[in-house]
1. Starting from the stretch A:180-194, take each residue that is within 19 Å of residue A:170 (Cβ to Cβ) and list its partners that are of a type in the set (Phe, Trp, Tyr) and modelled with pLDDT under 80, counting only C-beta distances under 6 angstrom and pairs at least six apart or across chains.
2. Which of the residues belonging to the stretch B:59-76 are of a type in the set (S, T, N, Q) and in contact (Cβ under 8 Å) with a residue 24 or more places away in the chain?
3. So which residues in the stretch B:153-165 are at pLDDT 90 or above, β-branched (Val, Ile, Thr) and surrounded by fewer than 16 Cβ atoms within 10 Å (Cβ to Cβ)?
4. Read through the list (1) over 29 Å from residue A:65 (Cβ atoms); (2) of a type in the set (A, V, I, L, M, F, W, C); (3) not in a loop (DSSP other than H, G, I, E, B), then give the number of the only condition that residue A:157 fails.
5. Name the pairs: first residue in the stretch B:46-58 and in contact (Cβ under 8 Å) with a residue 12 or more places away in the chain, second residue of a type in the set (Gly, Ala, Ser), Cβ to Cβ under 6 Å, at least 6 apart or on different chains?
6. Exactly one condition in (1) free of Cβ contacts under 8 Å to residues at least 12 places away in the same chain; (2) part of a helix (DSSP H, G or I); (3) small (Gly, Ala, Ser) is not met by residue A:19; state its number.
7. Sort out which residues of the stretch B:53-64 are among the β-branched types (Val, Ile, Thr) and more than 12 Å from the chain's Cα centre (by Cα), and write them in order of number.
There are 2 protein chains.
Amino acid sequence: MILPNALEELITEFMKFPGIGRKTAERYAMYIVNNFSVENTEKFGNVLLNIKKLIHNCPNCGLITDQELCQVCEDTQRDKSLLMIVESSKDVFSIEKSGEYKGFYHVLNGVISPMDGKGPEDINLSTLWPRITDNNIKEVIIATSSTQEGETTSLYINRVLKDVDILVSRIGYGVPVGLNLEYADELTLSKAIENRKKM
Amino acid sequence: MILPNALEELITEFMKFPGIGRKTAERYAMYIVNNFSVENTEKFGNVLLNIKKLIHNCPNCGLITDQELCQVCEDTQRDKSLLMIVESSKDVFSIEKSGEYKGFYHVLNGVISPMDGKGPEDINLSTLWPRITDNNIKEVIIATSSTQEGETTSLYINRVLKDVDILVSRIGYGVPVGLNLEYADELTLSKAIENRKKM
């Protein structure tokens, strides 16, 4: 049986998302056909048509924004001496929720991954070096994830900054707060022991 | 931290789907921003803008279609004496995959559910009765799911057809009890059709 063309196209669009297979895509597409109003469906369509025009990366730090400069770069209350380097805009949103950090960010929008043919020139690094030297930054906190690619990226940045008179630190890795010790994996536990602090 | 407006709107749209919470919606929205090309995003938007114009319910059987009549109703090779009653178009697609059934369908596009205030007048029944009496149908197979609402709907239809000289059967219990029909595998569906019982 052949599905109506327009439905098949909608299923194909949903299958482009990570973790959505044929069955789930069919379910979402059918949900639109059966449960969405005409107005709602058109609104969803128009939001998609406009999103790429409205959202772009902040030319200064790489964070996604709908303004000329992002709200972090525009914030005059922040600590100019601190710069945190993260992989993606999502990481900034997560860290901002914690409320712990008051410095600025630099969003790489990717990681160095030789396996995928992605080198330092493929991520948002070219604007990082002038930012560090021009802005009286005292500490750079590298907060890339603890995957192999995140570690590679971290080591690369650290090596480049070796001769610059700036404190370069790596975000602390250990057992997540609230997690029972028995559920932590071995690598996390080994990091947690390595990063132990005097009480 | 306030997310860009357009991004927040996109997240809201994704949260309207069943089983998608805030975190997953953020993930999908960010995936569009970071990984979809402008062309792909616009294509997705245009597919959504057109879907409601292109897809409608077949006026004869209720199946979704982009033609005047659906491909099942247009199929002259099918057995005119058999009519299967299902809850949704998805069920027709699943049953067609099993290849076991060669009759026609009637799609209710819902179930009788007193708990949700949905009675017989809220589902596609008004066109069912004339279809049965006008078309020399010999057997009506009720293939609503084995949920409480599916059973209620089945019993209601059976009661209305009690005085009509037609064999009314219920789809065979090869379909696991409690499982929604769309999740049944093809072999189970094929068995279920083969094992249907007279009511």
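The values are calculated or read from the model by the stated rules, or taken from the named source; none is laboratory data. Because the structure is a prediction, the values reported are computed rather than measured. Glycine also receives a Cβ, built like all others from the backbone with ideal geometry; neighbour counts cover every protein chain displayed.
1. Pairs that qualify, where the first residue is within 19 Å of residue A:170 (Cβ to Cβ) and the partner is of a type in the set (Phe, Trp, Tyr) and modelled with pLDDT under 80, are A:191/A:173.
2. Start the filter on the stretch B:59-76 by keeping residues that are of a type in the set (S, T, N, Q), which leaves B:60, B:65, B:67, B:71, B:76.
Residue satisfying the conditions is B:60 alone.
3. B:160
4. Of (1) over 29 Å from residue A:65 (Cβ atoms); (2) of a type in the set (A, V, I, L, M, F, W, C); (3) not in a loop (DSSP other than H, G, I, E, B), only one is false for residue A:157: (1).
5. So the pair list comes out as B:54/A:6.
6. Against the list (1) free of Cβ contacts under 8 Å to residues at least 12 places away in the same chain; (2) part of a helix (DSSP H, G or I); (3) small (Gly, Ala, Ser), residue A:19 comes up short only on (2).
7. Applying the first criterion (among the β-branched types (Val, Ile, Thr)) to the stretch B:53-64 yields B:55, B:64.
Hit for the stretch B:53-64 is B:55, nothing else.
Residue by residue, here is whether (1) more than 15 Å from the chain's Cα centre (by Cα); (2) touching a residue at least 40 places away in the same chain (Cβ under 8 Å); (3) surrounded by fewer than 17 Cβ atoms within 10 Å (Cβ to Cβ) holds:
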{"position": "A:103", "(1), (2), (3)": "yes, no, no"}
{"position": "A:107", "(1), (2), (3)": "no, yes, no"}
{"position": "A:116", "(1), (2), (3)": "yes, no, yes"}
{"position": "A:143", "(1), (2), (3)": "no, yes, no"}
